[in-house]
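Each remark here refers to the structure printed beneath this line.
The values are calculated or read from the model by the stated rules, or taken from the named source; none is laboratory data. None of these values were measured; they are calculated from a predicted model. As a convention, Cβ positions derive from the backbone with ideal geometry for all residues, glycine included, and neighbour counts pool all protein chains shown. Accessible surface is based on the protein model in full, side chains and every heavy atom, while ligands, DNA and RNA are left aside. Shrake-Rupley method; radii C 1.70, N 1.55, O 1.52, S 1.80 Å.
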Protein chains: 2
Amino acid sequence: MLTRGKLATETGCNIETIRYYENIGLIPAPDRTASGYRSYNEEHLRRLNFIQRARALGFTSDRIQGLLELTDAEGSHTRADVKSLTEAHIDEITEKIRDLQQIKRRLRQISSFCDGSSESATSCPILESLFEDSNGSR
Amino acid sequence: MLTRGKLATETGCNIETIRYYENIGLIPAPDRTASGYRSYNEEHLRRLNFIQRARALGFTSDRIQGLLELTDAEGSHTRADVKSLTEAHIDEITEKIRDLQQIKRRLRQISSFCDGSSESATSCPILESLFEDSNGSR
DNA sequence: CTAAACCCTGTAACTGGTACAGAGTCAAGC
DNA sequence: GCTTGACTCTGTACCAGTTACAGGGTTTAG
């Protein structure tokens, strides 16, 4: 029905990435034509779109795998499972944001020590604060 | 003066990572003892500490390379150069934070659609919103 | 019928390291 | 002076998460 190239243009996914997803088991291996070409169906399209959207939301492939397994195994999993996976992800993102904000504060601070003048870089307070044992880092 | 292992414990850097930094040119190749052991000096220690601190602040090795070159080439670079590299990095972090916040908002939104009940995951609104063509994503 | 455009496979590249095997070396204890 | 254990040396392979490319076969359009 769909060749690999068609699936790629349809989903916006790189054509090689599709093969990679098959290798790591994110996408089931499709049927092959007589000559060995991969033949994808609507379900593959749906699944790859899912993966693309989940990736855009920063889910790791492990967690995407987990989400997809919840949809595969019929009946045995609950909405609570899905929600807890999602919320674990939200928590991770929150933490990442907090880390980045702290780094940014520290960078702003050390940047403010430097006047940005045309003086030699060797005596620049930014570099010095990176060379010296820092008091307020991390 | 310092063996590779001493430098590693002194800086908290993994011993293999030191060799890696030498390979990619972040750290200059040290002198060797008669038997071929690497012999580091105070300057290497200083430089590796610099790298560790810059990494902790999220600088990529390219940019760390850039910062270190500013200190190496005497006189030809200015504080303004250092400051602009630092501010470019701050801008990148700002952007990353913004992206993550947007992702988080979207995740909160789709998570709120789901009651987290013990009903089957297959009809879970979170999964559905990942499968369907999303209106408000990205 | 031919040429372009596609697909197949395996494999290497990328970043930022980490790890391991097999060989040599150093320092301490007996 | 010799052994043992801890260290170091080199090259190489591995992780995620792709991307790219070489060298071959296939399909499709003109």
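Side notes on the structure shown:
- Segment A:2-53-segment A:108-130 distance, computed between alpha-carbon centres (Å): 51 Å
- For the protein assembly as shown, the share of alpha carbon pairs falling in successive 10 Å distance bins from zero is 6, 21, 21, 19, 19, 12, 3, 0 percent.
- Accessible area of A:GLU132 in the full protein assembly, 1.4 Å probe (Å², nearest 10): 100 Å²
- Surface accessible to a 1.4 Å probe, per residue, for the residues of segment B:78-138, Å²: 55 Å²
- Placing R0 at 45 angstrom, the Cβ-Cβ distance between B:ARG63 and A:GLU69 gives a FRET efficiency of 0.70 after rounding to 0.05.
- Position B:GLU132: other-copy label points at 5.9 nm, ordered by increasing distance, label point 7 Å along Cα→C-beta.
- Translational diffusion of chain B was estimated from the Stokes-Einstein equation, with Rh taken as the Kirkwood radius over Cα pairs; at 4 °C and 1.567 mPa s the coefficient is 68 µm²/s.
- If R0 equals 41 Å, the separation of the Cβ atoms of A:GLU92 and A:ILE15 corresponds to a calculated FRET efficiency of about 0.85.
- Between A:THR78 and B:ALA121, the built amide H atoms are under 5 Å apart, and every one of these is 5 or more places off in sequence or on another chain.
- Simple Cβ-charge dipole of the protein assembly as shown, Lys/Arg +1 and Asp/Glu -1, about Cα centre, in debye nearest 20: 40 debye
- Using only the C-alpha atoms, the convex hull of segment B:78-138 corresponds to 92 Å³ per residue.
- Under Karplus coefficients 6.51, -1.76 and 1.60, residue-wise ³J(HN,Hα) of segment B:88-103 in Hz, glycine/proline x: 4, 5, 4, 4, 4, 5, 4, 5, 4, 4, 4, 4, 5, 5, 5, 4
- Between A:ILE24 and B:ASP99, the C-beta separation translates, for a Förster distance of 30 Å, into a calculated FRET efficiency of about 0.75.
- Nonpolar atom fraction for the protein assembly as shown, defined as the carbon and sulfur part of the 1.4 Å probe accessible area, stands at 45 percent.
- Lysines whose Cα lies under 23 Å from that of A:LYS104, excluding same-chain neighbours fewer than 8 positions away: A:LYS96, B:LYS83, B:LYS96, B:LYS104
- Chains A and B together bury some 5200 Å² of accessible area, summed over both sides, with a 1.4 Å probe.
- Helical content of the protein assembly as shown, expressed as a calculated mean residue ellipticity at 222 nm, amounts to -20000 deg cm²/dmol (DSSP H runs of 4 or more residues, -39,500 (n - 2.57) each, divided by residue number, nearest 500).
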